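Engineer: Dumping the structure here so I can ask a few things about it.
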Amino acid sequence: MITDPHDWFDGAARVMFVHAHPDDETITTGGTLAGLAEAGREPLLVTLTRGERGEVTPGPFAALEGTDGLAPHRQQELAAALAFLGVQRHAFLGVPPARADELSPTIYEDSGMAWGPDGRAIAAGDASRDALTSVPAVEALNDLLAAAYQAGASAIVSYDDDGGYGHPDHVLTHRLSRAVAQALGLPFWAITASDANTASDATGDEDRVEAHDVSDWMERKVAALRAHGTQLTVDGDDIVHVGGQREPIARVERFRRVPHVPLEG
């Protein structure tokens, strides 16, 4: 267990976090973002979409679901959450500094999802032509490369290869982030389930899990979670998602360093 943010991610000076939708950053990495920010590490968050097709919790925001008003509202929620976490450096993919040089700004839309028979997310089948998973992947890849390069990133954090729960935007986010890390020779850290085995924490192997005790930043993390009111509610020590699923608010956030793929030749 590592408590000092200066030692997280092998002491990387500037870490870029890549998430698919607003609220993902707080649920899985909120404590780590807050700790790095307080330590003066200036983490950069890149959010790939604005969550246009997200479901909405029952209550005062329910009427936003499926409307053009949801995306700007979720942007406001994200801004509030980042203020609580102390994160000052944020960009949406497609907008400078997360846009390739000489290209006009663009918006990558939420691709949507459906629930598969095994309870995991699958592609919705009606993604728009402007959806993250519909546009040429090389365009999004070049935008993320620009973000990492201009930020002076020394490590990249994103999802594991199944995106955590199968959402097509999450899966593509993993692929883009890992490709950028490989291209720039940066360490890639995959977000790992909070109950993951950490037996390899101190092995020194490249493929290992690092556990961050974020207890000191729980107040910030919980406040940031509450800011995402269209997506979840906080009930005691639990997150209650749109579908009613409950998830404990993690006091330990875990990340696995993933080795680069050896290049042939």
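Engineer: Could you tell me whether the range 101-108 includes any residue that is surrounded by fewer than 16 Cβ atoms within 10 Å (Cβ to Cβ), touching a Gly at 6+ places or on another chain (Cβ under 7 Å) and modelled with pLDDT under 95?
Structural biologist: Within the range 101-108 (the criterion being surrounded by fewer than 16 Cβ atoms within 10 Å (Cβ to Cβ), touching a Gly at 6+ places or on another chain (Cβ under 7 Å) and modelled with pLDDT under 95), the answer is no, since none of the residues qualifies.
Engineer: Quick one: L172 ticks every box in (1) in a loop (DSSP other than H, G, I, E, B); (2) at pLDDT below 95; (3) not small (G, A, S) except a single one, so which number is it?
Structural biologist: (1)
Engineer: Right, something else. In the range 175-197, which residue that is polar (S, T, N, Q) and open to solvent by 40 Å² or more (accessible area, probe 1.4 Å) is modelled with the highest pLDDT?
Structural biologist: Q182
Engineer: Could you grab the pairs with beta carbons closer than 7 Å, sequence gap of 6+ or different chains, first residue in the range 61-72 and under 13 Å from H228 (Cα atoms), second one of a type in the set (A, V, I, L, M) and not in a loop (DSSP other than H, G, I, E, B)?
Structural biologist: Once the first residue is under 13 Å from H228 (Cα atoms) and sits in the range 61-72, its partners that are of a type in the set (A, V, I, L, M) and not in a loop (DSSP other than H, G, I, E, B) give L70/L64.
Engineer: Name the residues in the range 34-85 that are modelled with pLDDT of 95 or more and among the acidic types (D, E), would you?
Structural biologist: E38, E77
Engineer: Residue by residue through the range 10-20, note down the ones that are outside any loop (DSSP other than H, G, I, E, B) and either surrounded by fewer than 24 Cβ atoms within 10 Å (Cβ to Cβ) or at pLDDT below 95 (or both).
Structural biologist: Passing the criteria: D10, G11.
Engineer: Among the numbered criteria (1) under 26 Å from S128 (Cβ atoms); (2) open to solvent by 30 Å² or more (accessible area, probe 1.4 Å); (3) part of a loop (DSSP other than H, G, I, E, B), which one does Q75 miss?
Structural biologist: Every listed condition holds for Q75 apart from (3).
Engineer: Look through V56, V135, V95 and report the one residue that is of a type in the set (A, V, I, L, M, F, W, C), without any contact (Cβ under 8 Å) to a residue 24 or more places away in the chain and not in a helix (DSSP H, G or I).
Structural biologist: Of V56, V135, V95, the one residue that is of a type in the set (A, V, I, L, M, F, W, C), without any contact (Cβ under 8 Å) to a residue 24 or more places away in the chain and not in a helix (DSSP H, G or I) is V95.
Engineer: Report, by residue number, each residue of the range 21-55 that is of a type in the set (V, I, T) and open to solvent by less than 10 Å² (accessible area, probe 1.4 Å). Explain how you work it out, then say what you get.
Structural biologist: Taking the range 21-55 as the starting set, the residues that turn out to be of a type in the set (V, I, T) are 26-29, 32, 46-47, 49.
Within the range 21-55, T26, T29, T32, V46, T47, T49 meet the criteria.
The values are calculated or read from the model by the stated rules, or taken from the named source; none is laboratory data. Keep in mind it's a predicted model, so treat the numbers as computed, not measured. Every residue, glycine as well, gets a Cβ built from its backbone with ideal geometry; the counts of neighbours run over all protein chains shown. Note: areas computed on protein heavy atoms with side chains; ligands, DNA, RNA excluded. Shrake-Rupley method; radii C 1.70, N 1.55, O 1.52, S 1.80 Å.
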